[in-house]
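**Q** Take a look at this one; I'll ask things after.
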Amino acid sequence: MQNARNPFIVVEGLDGTGKTTLRKGLFRLFEGLYRVTPLAVLTTNFLDASVAADLVEGKYQPSADNRYRYLAAIAADKQATATRLIAPSLPARPVIADRWLLSELAFFAVKHDRSPKETYPHLAEHLDVIPDLTLVLDISPEAAMERAAARSGDATRPDWDVLDIQARVREVYQTVTDEAAAYPALGPVVRIDAANDRATVLHTAWQALDQRGLFPELSE
Amino acid sequence: MAMLLPAAVRRRQVFQRSGRAKEHRVVHGGFGGVLDASHDLVAPEEIRTVRRQHALLHVEVFDPQPHGELVAARPGPDAEDDRGLEIVEALCLRWGRRPDADRGGSVTWACLPVPGAELAQHDRGADPEQSCEAGNLPRPVATMPVHPAPVPFEGDLVPPSLTSPPTLYESWEVLADGLHVQRLALHLPQLHEQLTVQTAGTGITVAAVVARPAEAPTAQTLALIDAAGLSAWVDLPAEHGRSDAAVSPLASAAEDVHALLLPGVTDDALRGAVRVVAAASAWWVGAFAAIRHLGVHHSSLTPVKDTVGSDTLHEAVRVVALGTAQRVLAQQLRHDASEEAVRLAYCRAVTEGIVIEPTLPALLEKLGELRLVDLVTTSIPWRGRFAKYAGGTGAGEVE
């Protein structure tokens, strides 16, 4: 399983599906076993200060008035993240993103009633970095919310962290991943049953990456 | 012929009976010369390292020829040459080659059990792995290639410290290992003085918490532990553990980790290695708990005046055992990553560490004392693992 460069990996899924655990698990797998320390980034990293206010307003006070500014701000932030963090890092280390395009497509579908196919070109148009693999953690919204509620320290939003919204988000995930070819900027997509225990989820992700040659050669 | 290598090497009388690894450099014939004493030793090879550790012997031979691809020899029936590595393969548990960066040549190494040697350090009776004779040696991990065409072949295992440069974290791990050894060595007299008293606040006698771990390592288990860099971790409990005490009351926490990680794993050497390092983890926590009252608080560096509970020590053992077990699993996977059960075991160790991470700050506060805190903080991957080294500290700590 020799690869020419390091992979860009995206982890997607509802709150409570185990994205953080999987991201940390992959991080430790790369660092502890494959001896390369990944860079972990978020879907929004505020690297373009000129759109920071739009990012905050668009996420927490979504409205018809700010939705296009928010979409443009997300696109600008992703371009900045790709240009300043992801692309420069890949020659040296893997990059793992906690959410990326899929979450944004779902947000605009649920909050602004825009189909993923409408939103997608705005986000992907100037994005040169494509994930080598997008891992989607899939679980029922009920189970996800139950898990998320058991965690401490997470801020919950009444207009987002509710069952009907999360159910719609999951539907978007499924719709998009079912026709992933229409969204090439997502890269290859693998859905993982997040109802399994943590170790099995990590093991499944490991296998998915391994099958695509996304790990470096193990060396003693 | 089968016994020639250990017999010949024994004649050099370069072993130490101590359980601690000792290195010696003796200029002499190479593997071929050692293996077949009837040969003239025309090749300017040398045995550069002979190291004994319990019932395990580690031999290295230097060859000044440039390191290149090793091609399987196909000697004729009467040929007197080209059989060296076949014999090494037959006699040894593991072997391998690496380039010698300093001298430009090549080093071939081998790891083999010493026939007739007993696990004197552990003194636990006969171990069937130690009655090794030709033909019933533990199965080598790799086999010689038999392809008709020359194929590259580099042996089966190269000690990690001798191959690719270590990552910074691996180097910090080595420093942390040394720190714990240093602290134990510094406080052995006090540890022995404490043997008749209770461990403050736990109701457990010191002699019990430093009971010698019960698991008897086999030669293959020791080879894996050695490759994971954990020889001292198991040697010192074997050397300083109390033989007159029953099983440590902390041992159950170590056994829990073994049971948690290894469902489905059938490799006896790996299972044994995880069990041994986990049991040793209980011993280290017990030893540092026994001298805790002599230490200082990890942040204020003032003498500790409180006590620590048995439950807290069990928690500490669980964390430390998880970390050392993960190191053994990683070593096994670097050697052979094809076994899904082992990969899943490693995933269990990783995800259990992620689950434990949020509880660590509270555990560290309960432990309080610097040596115990360092033992726990450096044992598993978490955000605070090597913070002191990342800040520029070398290895020293207040002692």
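**Q** Looking at this structure, is B:V319 within 11 Å of chain A (Cβ to nearest Cβ) and touching a helix residue (DSSP H, G or I) at 6+ places or on another chain (Cβ under 8 Å)?
**A** Working: within 11 Å of chain A (Cβ to nearest Cβ): no; touching a helix residue (DSSP H, G or I) at 6+ places or on another chain (Cβ under 8 Å): yes.
So B:V319 does not fit the description; no.
**Q** Mind counting the residues in the range A:1-54 that are within 10 Å of chain B (Cβ to nearest Cβ) and touching a residue at least 60 places away in the same chain (Cβ under 8 Å)?
**A** Total meeting the criteria: 14.
**Q** Considering the range A:113-145 alone, what residues qualify as being among the charged types (D, E, K, R) and more than 17 Å from the chain's Cα centre (by Cα)?
**A** The answer is A:D113, A:R114, A:K117, A:E118, A:E125, A:E142.
**Q** Something else: How many residues are more than 11 Å from chain A (Cβ to nearest Cβ), closer than 22 Å to A:W206 by Cα, in a helix (DSSP H, G or I) and in contact (Cβ under 8 Å) with a residue 40 or more places away in the chain when one looks only at the range B:325-369?
**A** 2
**Q** List pairs: first residue in the range B:301-323 and over 17 Å from B:V206 (Cβ atoms) and in the same structural domain as B:W283 (by TED's automatic domain parsing), second residue in a loop (DSSP other than H, G, I, E, B) and among the hydrophobic types (A, V, I, L, M, F, W, C) anywhere in the structure, Cβ distance under 8 angstrom, at least six positions apart or on different chains.
**A** B:L301/B:V398; B:V319/B:I380; B:V320/B:I380; B:L322/B:I380; B:G323/B:I380
**Q** Answer with yes or no whether A:E220 is acidic (D, E), farther than 16 Å from A:E12 by Cα and in contact with a His (Cβ under 8 Å, 6 or more places away or on another chain).
**A** Yes, satisfied.
**Q** Quick one: which helices (runs of 4 or more DSSP H) sit completely within the range B:223-320 and have at least 3 residues that are of a type outside the set (V, I, T) and over 24 Å from B:V181 (Cβ atoms)?
**A** B:251-261, B:268-290
**Q** Is it true that some residue in the range B:353-361 is surrounded by 18 or more Cβ atoms within 10 Å (Cβ to Cβ) and in contact with a strand residue (DSSP E or B) (Cβ under 6 Å, 6 or more places away or on another chain)?
**A** no
**Q** Okay, moving on. Given the residues A:D138, A:D164, A:D128, A:D159, which is the only one that is crowded, with 18+ Cβ neighbours inside 10 Å and of a type in the set (D, E)?
**A** A:D138
**Q** Scan the range A:49-68 residue by residue and report those that are assigned to a helix (DSSP H, G or I) and over 26 Å from A:T175 (Cβ atoms). Break it down into steps so the answer makes sense when it comes.
**A** Step one: of the range A:49-68, the residues assigned to a helix (DSSP H, G or I) are A:49-60, A:67-68.
Hits for the range A:49-68 are A:A49, A:S50, A:V51, A:A52, A:A53, A:D54, A:V56, A:E57.
The values are calculated or read from the model by the stated rules, or taken from the named source; none is laboratory data. Treat the numbers as computed from the prediction; the structure is a model and nothing was measured. All Cβ positions, glycine included, derive from the backbone under ideal geometry; neighbour counts span all protein chains shown.
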